[in-house]
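Colleague: So that we are looking at the same thing, I have put the structure below in structure tokens.
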Amino acid sequence: MSLVRNVGTIGGLTALSRVFGFVRDMLLARVLGAGLAADAFQLAFVLPNTFRRLFAEGAFSVAFVPMYTRTLHSHGGEEAANQFATDVLAVFVWVLLGFSAFAMLAMPGIVWLLASEYQAIPGKFELAVTLSRITFPYLGLVSLVAMLSGLLNAHARFAPGAFVPVLLNLVLIGGIVTGYTMREAGGTDVTVAYVQSIAVAAAGVVQLLYMAWATRRAGVRLKISVPRFTPEVRRLGMLILPATFGAGVYQISQFVDTFFATSLEQGSLTLLKYADRLNQMPLGIVGIALGTAILPMLARHIQTDNAAEAQRLQANAVEMATLLTLPAAVALAICAPAFVTAFFVGGRMTIAAGDTMAQIVVALVIGLPSYVLVKVFQPAFFSREDTRTPVWIAAAALIVNIGINILVVPRFGIVGLAGATAFTSTLNVVTLYVILQARGWFHFTWKLAGRIGRQIAASAAMGAALWALMPLMTTRYGGHVIERVWSLGVLVAAGMAVFFGVAYLIGALDKDLIAQLRRRRPAPKAQ
């Protein structure tokens, strides 16, 4: 299966998840607004999710998938690969249980490290600790989900892992509706936060059951066994340790951002997370899809010493990333007030809070192409089992990020924090590329550079059109539902028409890649 088709499969299902995620956040913003209960729940939701992205989807996946793929295509074949996965699972379960138990016992200290300022508001710190203990089991459950997803990805079955976040959002939407109903019957905002936290843990159970079914349906048989520290399991552990840092600079930055956000006025953390939802739409759809699809494919090319195919694969991934993120970044930066007003303002989310959120979105999306390109460049290291080099790059970027935050957050507040994240993400991706080129693992060709230059020109033309169109419908973005839908529809349609029209005229679209998107998958050969 081609990279383009794999990305299309993953991206399409991830887009579905992002739609449900948007519905979830729109409902929660209107139900809780940006107050005490909302901040406490956001912190409780940040903890397991950031650890999930850092360890399970970051460090573990980038180390496990290449090793499993290599074993799968070795002489031992599927039997050896399944035995390796069984050995890893037997150890992984106990590590997760131990870490989760420790974290739940130490939760007051963890919350204090991230949000000590919550102690200044009566009841907020205690609520954050309790909610975090309720949500934290989600980490163990979804980590097992990530392992099963990586295993299926190595078998070129990308749909189950891409679909599983939809289940999370569906369960959380049910939690919001339940919490709202209970509040209307005499509860409070704290009631809603409690119900949402329980829904997070319940969603992990639902996701794991689904992935266990999908794995069995794919013909992969894993057994429950006594933990054994085989040479391969020990090697995986050695690869995970540096990858924990190198694969997750964006996730580690989330803890840094959370620390600084909780030191600001109440509601800052909530507004940052809602603003990041807009930023995560293209990042999640494009970045996760590219990173998930490219790692096992790149690992196969490198294992067979096919440098030309590895270069071609990465070049295609870079071109696809910029094709989709450059116009998305420009559109979000210009249309942020319209999107924020239409999607989030209403109920307990005030207009003033919406204005702040729009400014945060503008600052975040400056780094959008970099957020995605990191997902393209890092697999070039991980597929060669080099998880150490990104450690030093990530460490330098994180130190710079902290330094900038210390300087800009007191002056520019939450918007300055978002801008610092965008800058350091760009620094991270530039450094990754410089090292890749120096080692001869990947380089920009004149063809690729020219294509990206034309994409920038098309994005600029689209930006000019949106800049002129935005003021014409200012009163519609906050109107009734139909007005909000059609006004945003006009912006989206106009932006896409201008971008793709100009891109086609000036040659910013690679016709070969478009042909791959349109090409039907060949029918399987008769046995």
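The values are calculated or read from the model by the stated rules, or taken from the named source; none is laboratory data. None of these values were measured; they are calculated from a predicted model. Cβ atoms come from the backbone with ideal geometry, glycine included; neighbour counts cover every protein chain shown.
Colleague: Please go through the stretch 422-442 and give me each residue that is outside any helix (DSSP H, G or I) and either modelled with pLDDT of 90 or more or surrounded by fewer than 14 Cβ atoms within 10 Å (Cβ to Cβ) (or both), ordered by number.
Modeller: From the stretch 422-442, those outside any helix (DSSP H, G or I) are 440-442; that's our starting set.
The one that is outside any helix (DSSP H, G or I) and either modelled with pLDDT of 90 or more or surrounded by fewer than 14 Cβ atoms within 10 Å (Cβ to Cβ) (or both): Gly440.
Colleague: If you check Trp467, Trp486, which single one turns out to be loosely packed, with under 15 Cβ neighbours inside 10 Å, in contact (Cβ under 8 Å) with a residue 40 or more places away in the chain and over 18 Å from Thr325 (Cβ atoms)?
Modeller: One residue alone meets the criteria, Trp467.
Colleague: If you scan the stretch 458-497, which residues turn out to be β-branched (Val, Ile, Thr) and within 28 Å of the chain's Cα centre (by Cα)?
Modeller: Val485, Val490, Val492
Colleague: Could you please find all residues in the stretch 115-128 being hydrophobic (A, V, I, L, M, F, W, C) and crowded, with 21+ Cβ neighbours inside 10 Å? Steps first, please.
Modeller: Restricting attention to the stretch 115-128, the residues satisfying the condition of being hydrophobic (A, V, I, L, M, F, W, C) are 115, 120-121, 125, 127-128.
If the condition is that a residue be hydrophobic (A, V, I, L, M, F, W, C) and crowded, with 21+ Cβ neighbours inside 10 Å, then Ala115, Leu127, Ala128 are the ones that fit.
Colleague: Scan the stretch 69-84 and report the pairs whose first residue is in the same structural domain as Arg235 (by TED's automatic domain parsing) and crowded, with 17+ Cβ neighbours inside 10 Å and whose second residue is of a type in the set (Ser, Thr, Tyr) and in a helix (DSSP H, G or I), with Cβ atoms within less than 7 Å and a gap of 6+ or a chain change.
Modeller: Pairs found: Ala81/Tyr68; Ala81/Thr71; Phe84/Tyr68; Phe84/Thr71.
Colleague: Can you name the residue in the stretch 129-153 that is touching a helix residue (DSSP H, G or I) at 6+ places or on another chain (Cβ under 7 Å) and of a type in the set (Val, Ile, Thr) and is also farthest from Lys223 (Cα to Cα) among such residues?
Modeller: Among those that are touching a helix residue (DSSP H, G or I) at 6+ places or on another chain (Cβ under 7 Å) and of a type in the set (Val, Ile, Thr), it is Val129.
Colleague: Now for a separate question. Return the total of residues in the stretch 346-368 being buried (at least 23 other Cβ atoms within 10 Å of the Cβ) and part of a loop (DSSP other than H, G, I, E, B).
Modeller: Total meeting the criteria: 1.
Colleague: Can you find a residue that is more than 25 Å from Ile110 (Cβ to Cβ), surrounded by 21 or more Cβ atoms within 10 Å (Cβ to Cβ) and not small (Gly, Ala, Ser) anywhere in the stretch 169-187? It would help to see each step written out before you state the result.
Modeller: Of the residues in the stretch 169-187, the ones more than 25 Å from Ile110 (Cβ to Cβ) are 169-170, 173-174, 176-178, 180-187.
Imposing the further condition that a residue be surrounded by 21 or more Cβ atoms within 10 Å (Cβ to Cβ) reduces the set to 176.
Still in the list and also not small (Gly, Ala, Ser): 176.
Yes: one or more hits.
Colleague: Under 7 Å between Cβ atoms, at least 6 apart or on separate chains: pull out the pairs that start in the stretch 312-325 with a residue that is outside the structural domain of Phe500 (by TED's automatic domain parsing) and part of a helix (DSSP H, G or I) and end on any residue that is surrounded by fewer than 24 Cβ atoms within 10 Å (Cβ to Cβ) and basic (Lys, Arg).
Modeller: Between residues of the stretch 312-325 that are outside the structural domain of Phe500 (by TED's automatic domain parsing) and part of a helix (DSSP H, G or I) and residues that are surrounded by fewer than 24 Cβ atoms within 10 Å (Cβ to Cβ) and basic (Lys, Arg), the close pairs are Glu319/Arg451.
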